[in-house]
Amino acid sequence: MLMRKVGLYVTLAIVVVLAATLGWLYFTDRLEREKPVIKLNQDISAIGRQKDIGITFTDRKSGLAKLSVEIIQDEKSYPVSKETIARRGEREKILKLTVNTEELKLKNGPAVIRMSVADHSVFKNETILAAQVKIDTVPPQIYILNPVNYINQGGTGFITYRTSKPAALTGVYVDDIFFQGYTTLINNRPVSSVYFAVGPDSSGAKTRITVFVRDDAGNETTSLLPFTLKQKKFRSDKVNLSDTFLQKIVPEFQATNSHLQGKTPSEVFAYVNRQLREDNDRTIRRVCAKSINKRLWDGAFLRMRNAKPTALFGDRRTYLANGAALGDSVHLGVDLASTAGAPIEAANNGIIIFAGPLGIYGNAVIIDHGQGLFSLYGHLSSIETEVGAQVRKEERIGFSGLTGLAGGDHLHFSVMIGGHFVNPVEWWDPHWIQDNVLAKM
């Protein structure tokens with residue numbers, strides 16, 4: 001009996017303590033004086049016809065009670081969102097709103113977006129955040145400075161243009177592929193310039209090249225670019241893969257792709273040529289997604305010295321082994337062969353953005369030459385540079401080799417625009433550079 005009484009007293013004591021604690025916590029939250037917090041999730045300094053905005057409201061004590069968003073213009077309020085939260089305890093709320101200036105009947109000019117939040121405290125702590133904004137529904141205009149453009153199939157295009165207002169994002173679409181534009185000064189006036197790639201499969205009748213600009217308010221404008229596409233003939237060939245070559249590539253790719261263990265040489269090659277090639281292309285586009293906003297290159301690009309071309313840009317290959325097809329590919333560079341272990345030099349000034357193993361390219365180096373222009377050096381036996389290094393034209397970056405998907409010692413050299421391959425031969429030609437790039441600056 002005594003033990004039961006002791007147990008009852010202990011239970012009652014625990015209940016009393018818990019009740020007191022919960023009551024203390026309740027009244028502590030109800031009596032707190034800490035103000036809620038408002039955070040804008042992106043810049044909203046300008047609003048066009050329509051703009052998506054995100055706002056985070058936070059209160060870590062008594063919780064959110066009332067939220068409101070409005071735009072004030074000429075001393076008149078235009079409600080955007082209003083919400084009451086009856087249940088206590090909601091600590092955070094993210095509002096994703098679409099501001100439609102036409103529906104709100106706002107006019108172009110200055111305005112204020114006013115955000116407020118109150119909590120559940122008995123003191124109704126409130127925070128108000130007001131941000132100056134500009135209502136701007138006028139789309140930017142594009143003034144193309146190069147009305148005549150001759151572009152080689154598989155080659156590089158380059159244009160300059162002005163816009164009627166500063167651009168938040170601008171560039172060129174080749175069909176659905178976007179190439180970013182960069183701002184430069186010509187005669188002390190800001191001008192947008194863009195390098196873009198026209199693929200080896202492009203056709204003059206179907207390919208659309210469109211200049212695009214979006215301003216700070218989100219207004220967008222596009223303009224079709226006039227151009228003439230010069231068709232090129234690319235070689236096609238069937239490549240018979242020897243057992244010696246297949247046996248040579250197996251250990252390297254099995255070492256870096258464990259799921260290839262136990263596969264036949266033909267199965268290894270088929271995977272490498274198809275899946276790994278696609279993976280490498282994605283890696284290259286990711287690495288080349290950002291480029292320094294400054295032209296680093298100077299003059300024609302350096303071609304590997306005393307080297308003979310063994311494969312050209314755009315070569316279409318069908319691979320065979322013992323008469324059976326193992327896949328095909330399009331060669332997106334120029335293969336250059338000299339002596340084994342020949343020194344490899346930077347083709348132009350730039351910054352090293354990649355140096356290491358790169359699948360089918362073996363040991364590879366990628367150089368950023370500025371404003372979306374890059375060069376790639378593949379199959380190196382060794383690399384003598386590192387990411388972040390600034391290199392000058394003719395500076396040694398490694399030695400030729402046969403790493404990756406290479407049948408013999410050579411350099412695979414590519415030029416890319418934003419990670420998309422173009423014919424390197426153009427960039428070796430000072431006359432092409434003068435007529436198609438420098439003259440347009």
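The values are calculated or read from the model by the stated rules, or taken from the named source; none is laboratory data. Keep in mind that what you see is a predicted model, and the values were worked out from it rather than measured. In this analysis, Cβ positions are derived from the backbone assuming ideal geometry, glycine residues included, and neighbour counts consider all displayed protein chains. Just the protein is used for accessible areas: all its heavy atoms, side chains included, with ligands, DNA and RNA removed. Shrake-Rupley method; radii C 1.70, N 1.55, O 1.52, S 1.80 Å.
Taking only C-alpha pairs under 8 Å that are 6+ residues apart, what is the relative contact order of segment 289-441 in percent? Taking the mean separation of contacting Cα pairs over the length of segment 289-441, I get 26 percent.
If you sort 395, 75 by accessible surface, 1.4 Å probe, largest first, the order is 75, 395. Taking 0.36 nm per residue of separation and subtracting the current Cα-Cα distance, fully stretching the chain between residue 259 and residue 244 would add 3.2 nm. Evaluate E = 1/(1 + (r/R0)^6) for residue 94 and residue 45, where r is the Cβ-Cβ distance and R0 equals 22 Å; express this FRET efficiency to the nearest 0.05. E between residue 94 and residue 45, to the nearest 0.05, is 0.60. Other residues within the sphere of radius under 12 Å centred on the Cβ of residue 368, judged by their own Cβ, net out at +3 (K and R +1, D and E -1). Extension gain for residue 77-residue 390 works out to 107.2 nm (0.36 nm per residue, less the C-alpha to C-alpha distance). On a per residue basis, the chain carries 52 Å² of accessible surface, using protein heavy atoms and a 1.4 Å probe. For the cross-link pairs 96/134; 93/134; 82/124, the ones whose C-alpha atoms lie over 23 Å apart are 93/134.
Give me the percent of DSSP beta bridges within the chain that run antiparallel, rounded to the nearest 5.
Numbers: 109 of 119 bridges.
DSSP beta bridges in the chain are roughly 90 percent antiparallel.
Note on residue 88: accessible area is roughly 80 Å² with a 1.4 Å probe, heavy atoms of protein only.
Using C-alpha pairs below 8 Å separated by at least 6 residues, the relative contact order for the chain is 12 percent. Put 150, 271 in order of accessible area, highest first, and with a 1.4 Å probe you get 150, 271. Within the set (1) 63, 28, 18; (2) 52, 21, 18; (3) 57, 36, 19, the number that semi-axes √(5λ) of the Cα gyration tensor in Å takes when calculated for this structure is listed as (3).
I want the local charge near residue 385. Using Cβ-Cβ distances under 15 Å, sum +1 for each Lys or Arg and -1 for each Asp or Glu among the other residues. Local charge sum for residue 385: -3.
Overall, segment 347-408 carries a charge dipole of about 80 debye about its Cα centre when +1 sits on the Cβ of Lys and Arg and -1 on the Cβ of Asp and Glu, all other atoms neutral. The residue among 207, 244, 439 whose Cα reaches farthest toward the positive pole of the charge dipole of the chain, with charges on the beta-carbon of Lys, Arg, Asp and Glu, is 207. Taken as entire DSSP H runs, the helices of the chain that both span 20 Å or more between Cα atoms along their own long axis and average -1.0 or more on the Kyte-Doolittle scale are 2-30, 243-256.
Sequence-distant contacts, meaning Cα pairs under 8 Å at least 6 residues apart, place the relative contact order of segment 62-119 at 52 percent.
Taking the protein heavy atoms of the chain in the context of the full set of protein chains, the accessible area attributed to carbon and sulfur is 53 percent at 1.4 Å.
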